[in-house]
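In what follows, a single structure is set out as structure tokens and then discussed.
The values are calculated or read from the model by the stated rules, or taken from the named source; none is laboratory data. What you see is a predicted model, and the numbers here were worked out from it, not measured in a lab. Cβ: placed from backbone, ideal geometry, glycine included. Neighbour counts: every protein chain shown. For accessibility, only protein heavy atoms count, side chains too; no ligands or nucleic acids. Shrake-Rupley method; radii C 1.70, N 1.55, O 1.52, S 1.80 Å.
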Amino acid sequence: MREIQAAQPPHLPAFFQPLYLDSVTSTNDEMKQRARAGAAEGSLIVAREQRAGRGRGGRQWTSKPGNLYMSLLLRPPGSVGAVAQISFLAAVALAEALLEVAPDLSPRLKWPNDVLIDGAKISGILLESSARSGGGVDWLVLGMGVNVAHHPEDAGQAATSLQAQGADNCTAFSLLATLAPALLRWLDIWRGAGFAPLRQAWLERAAGLGGPLRVRLPNEEFSGIFRDLDGDGNLRVEMPDGAMRSITAGEIFLP
Ligand code: BTN
């Protein structure tokens, strides 16, 4: 594993302790090892490429050089359920960072944590955590991949990148320079005020709110209307018979 010497890494707020690597299997795997060995909150791994980048649901995350691949170590207070709210935090922070580097874009957020541009996925967020035996979370790794220079053509869903959207001058490092402060800003808000402001910010950019959607759970699939996000981050879906249903985990499809 080689540390990157080439392009200038950005200046980041003091909270972050970055390590820039050339080629790793997965930044999440690297960070999990360090988390188990006692690394401090704020440790950040950024890699030029991943040889075995991972997505949600065991999917592969194509990770050639040019895009942003990063994992941030957090040691947040709260239960495993509560800290799952950090995936909304990451999506909101990323939407703000994208708007800063490319003000013409209109990022929308797809539950639980995808960021879409014109309906196409531009990023992926993968949270992995370890629970403490007495309750709470020992560590949480926030993995983020953002398509800056390229995007997969065969991901099974529409994908895009910043460069495909016309943001030609943006690089993984320049995006990181705006994303890191946005993450820190929202971490401070979340720690101070809880989920409510984050929920509000997420809903303001939610894709498909008030419209039809299809929900896929491990053992069933159904259609409904996307009505709300509740105070825990669950999706509130109105069923065809008018009943409301809360979805904690699953996949949704928007028309
Ligand atoms: C998704 O399926 O949408 C989540 C993709 C998460 C990809 C990022 S890239 C950096 C970090 N390392 C990984 O192996 N995965 C995450």
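The residues on offer are Pro218, Pro152, and the sole one that is within 16 Å of the ligand (Cβ to nearest atom) and farther than 30 Å from Ala37 by Cα is Pro152.
The residues of region 111-129 that are open to solvent by less than 30 Å² (accessible area, probe 1.4 Å), more than 10 Å from the ligand (Cβ to nearest atom) and not in a loop (DSSP other than H, G, I, E, B), listed by number, are Leu116, Ile117, Ala120. Residues of region 58-76 that are over 20 Å from Ala155 (Cβ atoms) and polar (S, T, N, Q): Ser71 alone. When the residues of region 142-183 are filtered to those that are under 17 Å from Leu99 (Cβ atoms), of a type outside the set (A, V, I, L, M, F, W, C) and under 17 Å from the mean Cα position of the chain (by Cα), the one that is most open to solvent (accessible area, probe 1.4 Å) is Pro181. Report whether or not Ser71 is open to solvent by less than 50 Å² (accessible area, probe 1.4 Å), within 9 Å of the ligand (Cβ to nearest atom) and out of contact with any helix residue (DSSP H, G or I) (no Cβ under 8 Å at 6 or more places or on another chain). No. Taking residues in region 97-117 that are of a type in the set (Asp, Glu), and partners anywhere that are away from the ligand (no atom under 13 Å from the Cβ), the pairs with Cβ atoms closer than 8 Å and at least 6 places apart or on different chains are Glu100/Thr178; Glu100/Ala182; Asp104/Gly166. Annotation note: of Leu98, Leu89, the sole residue that is in a helix (DSSP H, G or I), in contact with a Pro (Cβ under 6 Å, 6 or more places away or on another chain) and under 25 Å from Phe15 (Cβ atoms) is Leu98. Residues being modelled with pLDDT of 95 or more and over 30 Å from Arg236 (Cβ atoms) are entirely absent from region 87-95.
If you scan region 130-141, which residues turn out to be under 14 Å from the mean Cα position of the chain (by Cα) and either modelled with pLDDT under 95 or within 9 Å of the ligand (Cβ to nearest atom) (or both)?
Step one: of region 130-141, the residues under 14 Å from the mean Cα position of the chain (by Cα) are 140-141.
Of everything in region 130-141, just one residue is under 14 Å from the mean Cα position of the chain (by Cα) and either modelled with pLDDT under 95 or within 9 Å of the ligand (Cβ to nearest atom) (or both), namely Val141.
Identification of strands (runs of 3 or more DSSP E) wholly contained in region 206-255 with 2 or more residues that are surrounded by fewer than 15 Cβ atoms within 10 Å (Cβ to Cβ) yields 212-216, 221-229, 244-247.
For region 27-62, the candidate set comprises residues that are surrounded by 23 or more Cβ atoms within 10 Å (Cβ to Cβ) and either part of a helix (DSSP H, G or I) or of a type outside the set (A, V, I, L, M) (or both); within that set, the residue that is farthest from the ligand (Cβ to nearest atom) is Ala35.
Within region 130-141, the set of residues being open to solvent by less than 30 Å² (accessible area, probe 1.4 Å) and in contact with a helix residue (DSSP H, G or I) (Cβ under 6 Å, 6 or more places away or on another chain) comprises Val137, Trp139, Leu140, Val141.
Yes or no: region 36-59 includes at least one residue that is free of Cβ contacts under 8 Å to residues at least 40 places away in the same chain, closer than 25 Å to Gly194 by Cβ and among the β-branched types (Val, Ile, Thr). No - not one qualifying residue is present in region 36-59.
Conditions tested, residue by residue: (1) among the small types (Gly, Ala, Ser); (2) under 21 Å from Ala177 (Cα atoms); (3) under 18 Å from the mean Cα position of the chain (by Cα); (4) not assigned by TED's automatic domain parsing to the domain that holds Leu179.
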{"site": "Leu21", "(1), (2), (3), (4)": "no, yes, no, no"}
{"site": "Asp29", "(1), (2), (3), (4)": "no, no, yes, no"}
{"site": "Leu73", "(1), (2), (3), (4)": "no, yes, yes, no"}
{"site": "Gly81", "(1), (2), (3), (4)": "yes, no, yes, no"}
